[in-house]
Amino acid sequence: MSTAERTETRVAEHQQGGVVNETPRGTTESATRGAWRIVMQREILVKLRDRGFLISTVLMVAAIAISFTVSGFITNRTTTVTVAATGPGAAQVVQAAGSLAEAAHKKVAFTAQTVADQAAVEQRVRAGSSDVGLLPTASGGWRLVGKTTKDDNAEIYFTAAVTQLTMQRNAIAAGTSIAALSRGSAVSYSLLESSPLDPSLAKFVGLIFAILFYISAMLFGMSIAQSVVEEKQNRIVEILASAIPLRQLLIGKVVGNTIMALAQVVVLAAVGLIGLTALGHSSEVGQIAGAAGWFIVFFVVGFLALAGLYAVAGALATRSEDLQSTATPMIMVVLLILFLGIFLTGTARVVASYVPFASIVTMPGRVADGSAAWWEPVPSLLVMAATTCGIVLVAEKVYRRSLMQTGKRLTIRQALRVED
């Protein structure tokens, strides 16, 4: 049996829980160069068999689907406002308000409930039988009545309806028309820098990017750290180290978890795009899909660095309880990226879109709202990639030098001082 075959056999037996007592002699780096693939396959299989991971993924998909369903129901639902009205012409005002709301594509309808007098109107509003009341005033106008709060839709459309009806009446009395009276009163609105997405939708998309990054980074990052420290605490790493170089072990762990994290993000993003299409945003899905594509690319590059750092957190610890201390810097970085993606605006957001790690969520968010030029993601991604390369090189050295140190918890500085 060749050295490479013995290496694969030892790692495979470790996957099955076997213990190998024979230490291969003459094992070289070149002979085990492909061993990381075995570790990668093991990491993927472990995740696919992890009930907690599968359940959490299904729950996230279900949560996204439910949120879009609820949002679609609320958005497409027509709100009916019952109006207790009295006085001549009240029914005409209610009808005009409803027509104006329909013309504005507002999902609101007004239903008139004609009553005898003002006392009856106030009684129905106080009892909750009617949402608002409509009363004539002594000056010839109208007054809306509410119980504890104002109904914004009623205020907007009844004001517009009364204005329209009054103008019609006055125009007829003056022997002219509304068109003649309103000539020259039109106001148009143009944007100097139009956004392909509605601002509220663009902000929502940026929020989703930040949340997706946070969930995946925490879920898979801590999984890597926990796996490393458990292998170290149970002395399994000594068996692995006798079979394959530690560098190959690290590569396999990082690549395997990155593939699973990428798969999860792609699934969640696809569900989100399908949900947006179902809600009637098909014309905007192309822009959002482009932003999602950039987010996935930035996520993969950034997660490679974070995965290496989480592996270092596990290697520096000697037991699972130490992870609370060694993984804290990574957790703080992930939380910071989440907050930056949610709260940054203006110039600060533009600057952050070029800062490594922060750019993972801020640059795709800018692509979504149209504030980033087509070329901007490219230099930002190159900066993130260069940072990832540097971090991975340092992380590999710290991981390799600290993984076999089981006496006490190490710091990064102490690990760097350990000789290979």
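A short reminder: the numbers here are calculations on the coordinates, not readings from a lab. Quantities reported herein were computed from a predicted structural model and do not represent experimental measurements. Cβ placement follows ideal geometry from the backbone for every residue including glycine, while neighbour counts extend to all protein chains displayed.
Structure above, values below:
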| read-out | value |
| --- | --- |
| Stokes-Einstein D in µm²/s, Kirkwood radius over Cα pairs - segment 78-179 at 10 °C with 1.306 mPa s viscosity | 114 µm²/s |
| Crossing angle, helix 199-233 versus the chain [Cα axis fit, 0-90 degrees, rounded to tens] | 20 degrees |
| Under 23 Å from the Cα of LYS253 - lysines, other chains or at least 8 residues apart | LYS47, LYS232, LYS397 |
| Rounded tilt (10° steps) of 118-127 against the dominant C-alpha axis of the chain | 20 degrees |
| ILE274-ASP198 pseudo-label distance in nm [points 7 Å out on the Cα-to-Cβ vector] | 2.3 nm |
| DSSP bridge orientation in segment 78-179 - percent antiparallel, rounded to nearest 5 | 30 percent |
| Hits among lysines - C-alpha to C-alpha of LYS106 under 25 Å, sequence gap 8 or more where chains match | LYS147, LYS150, LYS203 |
| Loop-located trypsin sites (Lys or Arg not before Pro) in segment 164-248 whose Cβ has at most 16 other Cβ within 10 Å (DSSP) | ARG183, ARG235 |
| Three semi-axes of the equivalent ellipsoid, segment 286-347, Cα gyration tensor, whole Å, largest first | 30, 15, 7 |
| Kirkwood Rh and Cα Rg combined as Rg over Rh, evaluated for the chain | 1.21 |
| Helix 328-343 vs. the chain, principal-axis angle (Cα, 0 to 90°, nearest 10) | 20 degrees |
| Dipole magnitude of the chain, debye to nearest 20 (Cβ charges: Lys/Arg +1, Asp/Glu -1, about Cα centre) | 540 debye |
| Cα centroid separation - segment 344-420 against segment 152-186, whole Å | 61 Å |
| Pairwise label distance in nanometres, LEU191 with ALA263, each label 7 Å out on the Cα-Cβ vector | 3.9 nm |
| Largest-first ellipsoid semi-axes for segment 60-138, taking √(5λ) over the Cα gyration tensor eigenvalues, angstrom | 34, 16, 7 |
| Cα lying deepest toward the dipole's positive end in the chain, options LEU165, GLN113, ALA65, charges on Cβ | ALA65 |
| Euclidean distance between Cα centres, segment 106-148 to segment 196-269, Å | 59 Å |
| Residue exposure sequence - LEU197, LEU304 - by fewest surrounding Cβ within 10 Å | LEU197, LEU304 |
| P(r) weight above 19 Å for segment 312-405, C-alpha pairs, percent | 52 percent |
| Dipole-positive endmost among ALA358, LEU219, LEU240 within the chain (Cβ charges, Cα centre) | LEU240 |
| FRET efficiency estimate (nearest 0.05) - Cβ-Cβ, ALA120 to ALA173, R0 30 angstrom | 0.40 |
